[in-house]
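Participant: Quick one: structure below, then a few questions.
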4 protein chains.
Amino acid sequence: MSEIKKIAVLTSGGDAPGMNSAIRAVVFSAARFGIEVVGIFRGYEGLIDWETIKLEPDDVRNINNRGGTILYTSRSERFLDEKFRKQAADNLRKNNVDAVVAIGGDGTLRGAIDFEKEGINIACIPGTIDRDVSCSEYTLGFDTAANTATEAIDKIRDSSISHGRCSVVEVMGRKRGYIALWAGMATSADAIILPEKWDGNYNNVTDAIKRRHEDGRNSYLVVVAEGVTDANELADLIKKKTGIESRVSVLGYIQRGGQPSAKDRMYGSLMGAYAVEILVNGNKNRIVAIKDDKLIDYSINEALNIQNSQIDSFQYKLSLLLSD
Amino acid sequence: MSEIKKIAVLTSGGDAPGMNSAIRAVVFSAARFGIEVVGIFRGYEGLIDWETIKLEPDDVRNINNRGGTILYTSRSERFLDEKFRKQAADNLRKNNVDAVVAIGGDGTLRGAIDFEKEGINIACIPGTIDRDVSCSEYTLGFDTAANTATEAIDKIRDSSISHGRCSVVEVMGRKRGYIALWAGMATSADAIILPEKWDGNYNNVTDAIKRRHEDGRNSYLVVVAEGVTDANELADLIKKKTGIESRVSVLGYIQRGGQPSAKDRMYGSLMGAYAVEILVNGNKNRIVAIKDDKLIDYSINEALNIQNSQIDSFQYKLSLLLSD
Amino acid sequence: MSEIKKIAVLTSGGDAPGMNSAIRAVVFSAARFGIEVVGIFRGYEGLIDWETIKLEPDDVRNINNRGGTILYTSRSERFLDEKFRKQAADNLRKNNVDAVVAIGGDGTLRGAIDFEKEGINIACIPGTIDRDVSCSEYTLGFDTAANTATEAIDKIRDSSISHGRCSVVEVMGRKRGYIALWAGMATSADAIILPEKWDGNYNNVTDAIKRRHEDGRNSYLVVVAEGVTDANELADLIKKKTGIESRVSVLGYIQRGGQPSAKDRMYGSLMGAYAVEILVNGNKNRIVAIKDDKLIDYSINEALNIQNSQIDSFQYKLSLLLSD
Amino acid sequence: MSEIKKIAVLTSGGDAPGMNSAIRAVVFSAARFGIEVVGIFRGYEGLIDWETIKLEPDDVRNINNRGGTILYTSRSERFLDEKFRKQAADNLRKNNVDAVVAIGGDGTLRGAIDFEKEGINIACIPGTIDRDVSCSEYTLGFDTAANTATEAIDKIRDSSISHGRCSVVEVMGRKRGYIALWAGMATSADAIILPEKWDGNYNNVTDAIKRRHEDGRNSYLVVVAEGVTDANELADLIKKKTGIESRVSVLGYIQRGGQPSAKDRMYGSLMGAYAVEILVNGNKNRIVAIKDDKLIDYSINEALNIQNSQIDSFQYKLSLLLSD
């Protein structure tokens, strides 16, 4: 059994709705086991500089409905350097911290793998709107981001329909098309451009719009994941090939913030509590993950090679079938 | 392979967000297979009276974001009577309908099982905010309802905190505690009363509140599923046992309506398209279901005996652990 | 010019969205004039018991988007007793407080009038969702409450239409029908029952529904202000007289909370800053009010006799004309 | 008294939430007076090409909660040409239309003034999110747009705070700063850049941020109206002068769409009904306007010279005073 008496918790990388629920669950769960919790500010940066706060249940009582992360976050450049990782590890040892719970995305997990080598026990929780942690079917924040993007596109569509235009909407996701796929299907997009599936053939997009225009339709929606292609160029191309006025909207940072959805609060709570159980049970260097909609955990070293979260092929097929 | 040339689609029982996405997906998918679709109004009532509308993609183009069901719904008393089921079956045969897609909850499924005996091929889609279709881990509308309840309780909590009160909030769910569990955990409830777990011991609730009051807390939240206990009596009891002013809110019908969440639009789309695939592949009398977060299907006769959707024990444990 | 060096700020009566913006504006404005601010907890109760907190800009920096009131509130029974008002006045003098800014509704204003007799300079800000401060066309919180009620009824209506029912929705407002009038008109209600206009004649309501039913309509909406009539009795009557299934929804406390609308944040900011200007300019015992959509102020003694906020007759006429 | 037997209604220019309520009120009010209504598609374009639809109460029954405009809209280039205005006037006469109700912004009003010369009686309703109709203190859609921008910036701020960044947010408004002023004040912006007040001095902005940074703050918000300055250049400048990472968000078209707020539904209803009253009372070529929060009307020729809607000086002063 565990010897855990004190744990640190931090959030790292892009902020994601649900991180606060995970923090709260870590603090509440730890309290039930008599474990002390120290919050680390600004992710790995705060480990290096030892910027911390003691966290008790009273400090995190009613934070489930708050966007962002109360511990702040960063993408730490210094943590890529062994020297600073050693400094962080020293800080933890000096302060008698037995384990770290790190909540974040792909970069956070890579940082944890390196950090493990300094002899630190680290438990990871996948938190990122992008769903780019390959071992987990779900990452905290995705559901809220998908809803925010969907509601924003609903509004854009009102205006697009009123004017008889084509709207090209760029959503977040970095190398992953989940937000685009969900928000695009939810808003009946005419075309959804995903990094995982994009073949560079713009003609398919413009032809689909042209065909519908000839069928008598007069407003159109294209949802594109950031990084796949330039939204402005795409809009210009649509205009040029079809003659239809096309306007670009880049949803941007609204997708990161906002009150978390019920799911992100629930899964944040579940993952935070599960991470504490892992530590209490004496396990080391694990990542919490969702597989088949259930909580499991992997070794962080193996995690990068596990693929639970590729674009679902039936979903993708339907995104073509159901395009409006 | 299928001989399906014409299908009917209907919604039955309590309306649920996401039903429109399922209808739309049925119509779009059918169109790809060259299948004609007739919409039936008011569930099984419309089958009996043959109140129908021809549905083509243009009729359902942009309905994903609409609450309720464009086909209306009912709980048909007459359909419990074999005479009317025969009449419904005759109507379908007379109109050359090869199969019916029925979207609804537990009652809808039971109706389908009886209807099968009239020689009608029926494919069911679980759509109900209550998640009371035992064979499926998910039913359309739950996610939206859980979010609506969560957002409503967030608001109630603002007022509860400002006044230093206890709020007792009754949510929907009939015999199921999912909405209570999710919305209660998402809003950090002090106690969540679920039909599946309720032992009738009010002292646990009032003691928890009294204990926190003594610790210096001054506002409280109890979330209770409808039907478990009388919310007004519970509030009176809390007042009597703890001296703390307690007010009741019954969330009611707001939980049924509203623009569907991204998940309900997505899963509605997936389930609708999947139902058409089942029929096209020549299968008969199946129900679409979610298991391990994936689409599967069961025979409707077996479905009632399959349990994929009991209250998750880890979630329940946490609801106690994380109570605020 | 003013000799004001220190002011107290409190919120009293029912909490209302926008109160936090008013508190923030008081603190920020006071800081610009070099005035110290002390926050009083739980309204007049905190004055009696001297439960306070020093407030500087850093303490209220980003609270515009929070529902409820960070200073808590109460309806103080004790403050109706001269003995406790004297105690409150002593507390203020002992602590060198030169003036009080009190944010609240009708009861708060009456308390202020009594309190003035103890030699305390008090500036009032009308904050209540009910719009029952007669001297002001607007009171903080109304806009948010009207939006919350409107959005809730939109959802109820989705379900009402799907089932072909009549929905009877009770909204807040105490003796005032504003929320009912706005939310009812915004949701195309068939009948809106206002305390100011209600003649007790239920036949008008049931006849209107019957008439529309005969015209082929099949869903209906009645919005009723709390206190005018019993919503359940009304629903039963509608069922009895028209044969149409009628269901009651009581919106309740969700109307008090929630993130404030842009207007309530803006007007809260304006009123808070204006109250400080009044005090800095040497005025005593004034209430901030809105007339012709502009900021003005009255003597609190005269305020009760000034009527700027009766139900607008054109609005009322239209509520009949435009009923759906 | 009026001889009005048939009126046309159209929406023109940028779509704005609340336009549908105005259309509905026109149709309902006209019906009470026994006046026929014809809906014109795509604004003045539909007048020229006579693309129309007969509108009865049943056609607009429950549209208050829909964003955009059911009649579509456009900015008609052709209507700037007398030839096409004559063609439009001929169409109206040929179809026995006695008057036109035109809902739109500044450009719509200018079109109406020109159109009056063709002998057509036209009543205007100010509908534009920009509030750029100088004779009216309010224009339909502003309240919804201000709320949408406020909610979006709330979300951006969550992320900005989590990362310790400066966010530069560009909102709509064309030549008017109302959305920026309201959304900026509602979200406690550090600086709000308005076209009406902008002196080109970026140092004021960067100095304010630098000063707060030195005071220990670590996240910042700048709200800028489109067209005043380039948001990307401003962010670069902030980065350069203060060393703080600055990110741009352009809110874009989400500000035009969405379910209208209670106010836009209410004022849309009031303005639509008032416009019909004007016509019924025999008045010609009037524009409905809001002054002192009340409905009035002006001659459309005089309207351009009337200023009821400049940036309020007290509001502006406070936007500086209350900057966070």
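Nothing in this text is a laboratory measurement; each read-out follows from the coordinates by a stated rule. Keep in mind it's a predicted model, so treat the numbers as computed, not measured. Methodologically, a virtual Cβ is constructed for each residue, glycine included, from the backbone with ideal geometry; neighbour enumeration extends over all protein chains shown.
Participant: Taking the simple approach of a point 7 Å from Cα along Cα-to-Cβ for both residue C:110 and residue D:56, what is their distance in nm?
Facilitator: Here the modelled spin labels are 5.3 nm apart.
Participant: Principal axis extents for region A:1-74, Cα atoms only, whole Å, descending order, please.
Facilitator: Answer, in whole Å and largest first: 34, 29, 20 Å.
Participant: Right, another one. Would you please give the FRET efficiency between residue B:6 and residue A:310, computed as 1/(1 + (r/R0)^6) with r the Cβ-Cβ distance and R0 = 56 Å, to the nearest 0.05?
Facilitator: Given R0 = 56 Å and the Cβ-Cβ separation, E is 0.95.
Participant: Return the whole-Å distance between the Cα centroid of region D:106-148 and the Cα centroid of region A:1-60.
Facilitator: Value for the Cα centre distance between the two parts: 54 Å.
Participant: A further question follows. Look at the axis of the rotation that sends chain D onto chain A, then give the chain D residue with the nearest Cβ and the distance in whole Å.
Facilitator: D:250, 3
Participant: Mean 1/r over all different Cα pairs, inverted: what Kirkwood radius does region A:145-256 give, in Å?
Facilitator: Working: mean 1/r = 0.0735 Å⁻¹.
For region A:145-256, inverting the mean 1/r across all distinct Cα pairs yields 13.6 Å.
Participant: Could you let me know the centre-to-centre spacing of region C:182-250 and region B:246-270, using Cα atoms, in angstrom?
Facilitator: What the calculation gives is 24 Å, centre to centre.
Participant: Another question, if that's okay. Can you give the direction-averaged projected area of the convex hull of the alpha-carbon atoms in region B:226-275, in nm²? Mind showing how you got there, number by number?
Facilitator: Numbers: hull surface 22.5 nm².
So the mean shadow area of the Cα hull is 5.6 nm².
Participant: Here's something else I'd like to know. For region B:210-324, state the semi-axes of the equivalent ellipsoid (square roots of 5 times the eigenvalues of the alpha-carbon gyration tensor), sorted largest first and rounded to whole angstrom.
Facilitator: Gyration-tensor ellipsoid for region B:210-324: 42, 16, 14 Å.
Participant: Using the alpha-carbon atoms, what tilt in degrees (0 to 90, nearest 10) does helix C:202-214 show relative to the longest principal axis of chain C?
Facilitator: The helix C:202-214 is inclined about 50 degrees to chain C.
Participant: Residue by residue through C:184-193, how many Cβ atoms from other chains fall within 10 Å of the Cβ on average?
Facilitator: Whole-number average of other-chain Cβ neighbours for C:184-193 is 4.
Participant: OK, next. May I ask for the equivalent-ellipsoid semi-axes of chain B, computed as the square root of five times each C-alpha gyration tensor eigenvalue and listed largest first in whole Å?
Facilitator: Taking √(5λ) for each eigenvalue gives 42, 18, 17 Å, largest first.
Participant: What are the nm distances, shortest first, from residue A:301 to its equivalents in the other copies, labels at 7 Å along Cα→Cβ?
Facilitator: Distances between equivalent label points, in nm: 5.4, 8.5, 8.9.
Participant: One decimal, nm, shortest first: give the distances between the label point of residue B:58 and those of the same position in the other copies, each label point 7 Å from Cα along Cα→Cβ.
Facilitator: So the distances to the same position in the other copies read 2.1, 6.6, 6.8 nm.
Participant: Quickly estimate the mean residue ellipticity at 222 nm for chain B, helices only: each DSSP H run with n ≥ 4 gives -39500 (n - 2.57), and the total goes over all residues, rounded to 500. Provide the component values of the computation, followed by the final result.
Facilitator: Numbers: 11 runs with 132 residues, N = 324.
Calculated from helices alone, the mean residue ellipticity at 222 nm is -12500 deg cm²/dmol.
Participant: While we're looking at this one, here's another question. On the principal axes of its Cα set, how long, how wide and how thick is region D:253-302? Give whole Å, largest value first.
Facilitator: 38, 20, 20
Participant: Tell me the angle of helix D:262-280 to the major Cα principal axis of chain D, expressed in degrees between 0 and 90 and rounded to the nearest ten.
Facilitator: Around 30 degrees separate the two axes.
Participant: Report the per residue volume, in Å³, of the convex hull enclosing the C-alpha atoms of region B:1-147.
Facilitator: Spread over its residues, the Cα hull of region B:1-147 gives 105 Å³ apiece.
Participant: Now a separate question. What do the square roots of 5 times the Cα gyration tensor eigenvalues come to for region D:73-139, in whole Å, largest first, as semi-axes of the equivalent ellipsoid?
Facilitator: Those come to 22, 13, 9 Å.
Participant: What fraction of the DSSP beta bridges in the protein assembly as shown is antiparallel, stated in percent and rounded to the nearest 5?
Facilitator: Bridges in the protein assembly as shown are about 25 percent antiparallel.
Participant: Ok, one more. So, R0 is 30 Å and r is the distance between the beta-carbons of residue C:317 and residue C:236; what FRET efficiency does that work out to, to 0.05?
Facilitator: About 0.50, to the nearest 0.05.
Participant: Something else about it: Dividing the alpha-carbon radius of gyration of region B:118-204 by 2.2 N^0.38 Å (N being the number of residues), what value is obtained?
Facilitator: Normalised Rg, Cα atoms only: 1.34.
Participant: Here is a further query. Hey, for residue A:204 with labels 7 Å out along Cα-Cβ, what do the inter-copy distances come to in nm, ordered shortest first?
Facilitator: In ascending order, 5.2, 5.4, 6.2 nm.
Participant: Right, something else. Once you charge only the Cβ atoms, +1 for Lys and Arg and -1 for Asp and Glu, what is the size of the charge dipole of region B:145-256 about its Cα centre, to the nearest 20 debye? Present the calculation step by step, with values, prior to reporting the outcome.
Facilitator: Numbers: 16 positive and 15 negative charges, 5 e Å.
Around 20 debye, computed over region B:145-256.
Participant: Beyond 25 Å between alpha-carbons counts as too far, so tell me which of C:210/C:317; A:197/B:294; A:197/A:284; C:155/D:54; A:86/A:284; D:210/D:317 fall in that bin.
Facilitator: A:197/A:284; C:155/D:54
Participant: Taking only Cα atoms and a 10 Å spring cutoff, compute GNM fluctuations for chain A and point out the largest among A:53, A:63, A:192.
Facilitator: Ranking A:53, A:63, A:192 by mean-square fluctuation puts A:53 first.
Participant: When only alpha-carbon atoms count, how far does the protein assembly as shown stretch along each of its three principal axes, as whole angstroms with the largest first?
Facilitator: 80, 73, 63
Participant: Calculate the mean, over all residues of peptide D:58-66, of how many other protein chain Cβ atoms lie within 10 angstrom of the residue's Cβ.
Facilitator: 4
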